[in-house]
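Okay, structure first, notes after.
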Amino acid sequence: MANQSAPIQEVSRLLDLVPFLSSHSHISLKELANEFGIGEKAMANELTALSMCGLPGYTPYELIEIFFDSGFVTINNHDPLDIPRALTQLEVASLLIGLEILRDSAIAESATLLVQIDSLIEQMKSLLGGAILIADNAITSFQTVIESAIARRATLSLQYNSPVRDEIAIREVDPLSLRSEKSYSYLVAFCHSANAVREFRLDRVIEVRAVEDSSFIPRAAEPVAGEQSSFKLRVHGDRRAIAEALSIGEIAANGEAEVEIYSREWLVKAVLAHSPAIELLGESQIRGEIKSTAENILALYSS
């Protein structure tokens with residue numbers, strides 16, 4: 001392999017390093033550098049870059065583990081990269097932008113490589129419907145109304161698409177703050193009907209308006225979070241997929257995990273949606289509710 005420092009060559013080496021190291025465990029850093037035609041220092045830098053690669057989340061649970069301090073290179077935790085992953089629109093858009101940059105860097109490369117990159121770009125565009133949505137005008141408008149209400153300490157009325165009850169709900173809330181996580185924007189607010197602090201994802205909000213004749217909670221003290229309940233699950237299926245879907249921080253070696261929830265209905269739906277990959281431990285009353293709901297669903301198919 002030619003000793004080049006162009007971005008296209010660096011990316012190519014990083015892609016080749018993972019399968020090579022998985023079949024050449026404990027190879028010396030010197031041998032590895034010679035195999036790829038670069039110096040030991042350059043290889044050490046690329047191994048460091050590779051150790052920052054993995055799946056979104058980028059905690060030690062998702063990252064590839066590379067060890068080479070002893071002068072010999074080993075790789076761990078790379079197998080999950082082979083598992084198909086559902087990408088969000090933002091992740092697809094990020095990949096598409098990266099492919100466009102890669103194509104610009106590859107102009108001087110072979111025509112075959114350019115054709116392959118163009119093919120990937122077209123596939124990614126098809127997932128986005130041919131367009132990248134930088135911002136949702138409705139969400140931006142909602143944020144303006146919410147920020148104004150926070151400043152005026154006004155109450156808001158929300159029309160909200162509740163994923164728990166599969167219905168359009170109307171909620172009166174006292175807005176506290178806005179936050180973002182994993183490409184989604186959330187309103188943190190005191191919900192009058194729940195009598196507790198709740199979070200509302202803005203892309204599920206249909207309408208928001210200020211309510212003039214309503215009280216608001218005092219802002220002198222920090223709001224008290226709504227009641228949380230903790231439940232134990234046992235994961236029988238793909239642990240990474242379940243952890244990602246249910247926001248579980250850690251799954252024990254025996255498959256047991258703890259999940260904190262605000263809604264009993266959400267727990268019932270989550271177990272049903274991922275059955276038989278997860279099992280609720282204890283909580284005989286909720287287990288009975290899950291069983292009854294499953295039987296009712298099955299009855300619809302046999303009727």
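Taken over the stretch 242-262, the residue count meeting the criterion of being in contact with a helix residue (DSSP H, G or I) (Cβ under 9 Å, 6 or more places away or on another chain) and on the phi < 0 side of the Ramachandran plot is 10.
If you go through the stretch 251-267 one residue at a time, how many are at pLDDT below 80 and more than 19 Å from the chain's Cα centre (by Cα)?
Within the stretch 251-267, the subset at pLDDT below 80 is 260-267.
Of the ones still in play, those that are also more than 19 Å from the chain's Cα centre (by Cα) are 262-265, 267.
Total satisfying the criteria: 5.
Across the stretch 230-246, which residue is least open to solvent (accessible area, probe 1.4 Å) among those that are touching a strand residue (DSSP E or B) at 6+ places or on another chain (Cβ under 9 Å) and over 19 Å from ILE286 (Cβ atoms)? Among those that are touching a strand residue (DSSP E or B) at 6+ places or on another chain (Cβ under 9 Å) and over 19 Å from ILE286 (Cβ atoms), it is ALA243. Flag: VAL197 matches the condition of being part of a strand (DSSP E or B) and at pLDDT below 85. Can you tell me which residue in the stretch 280-303 is farthest from PHE231 (Cα to Cα), limited to those that are open to solvent by 70 Å² or more (accessible area, probe 1.4 Å) and among the hydroxyl-bearing types (Ser, Thr, Tyr)? Looking at residues that are open to solvent by 70 Å² or more (accessible area, probe 1.4 Å) and among the hydroxyl-bearing types (Ser, Thr, Tyr), I get SER303.
The residues of the stretch 246-275 that are over 20 Å from ARG198 (Cα atoms) and not in a loop (DSSP other than H, G, I, E, B), listed by number, are GLU256, ALA257, GLU258, VAL271, LEU272, ALA273, HIS274.
Filtering the stretch 159-182 to residues that are at pLDDT 85 or above, β-branched (Val, Ile, Thr) and loosely packed, with under 15 Cβ neighbours inside 10 Å leaves only ILE170.
A single entry from LEU102, LEU95 fulfils the requirement of being modelled with pLDDT under 80 and closer than 24 Å to LEU120 by Cα: LEU102.
Exactly one residue out of PRO19, PRO60, PRO56 is under 30 Å from ALA243 (Cα atoms) and at pLDDT 80 or above: that is PRO19.
Across the stretch 25-41, a minimum of one residue is classified as open to solvent by 40 Å² or more (accessible area, probe 1.4 Å) and modelled with pLDDT under 85.
The values are calculated or read from the model by the stated rules, or taken from the named source; none is laboratory data. These numbers come from a predicted model, not from an experiment. Neighbour counts run over all protein chains shown; Cβ positions are idealised from the backbone, glycine included. Surface areas here come from the heavy atoms of the whole protein model, side chains and all, with no ligands, DNA or RNA. Shrake-Rupley method; radii C 1.70, N 1.55, O 1.52, S 1.80 Å.
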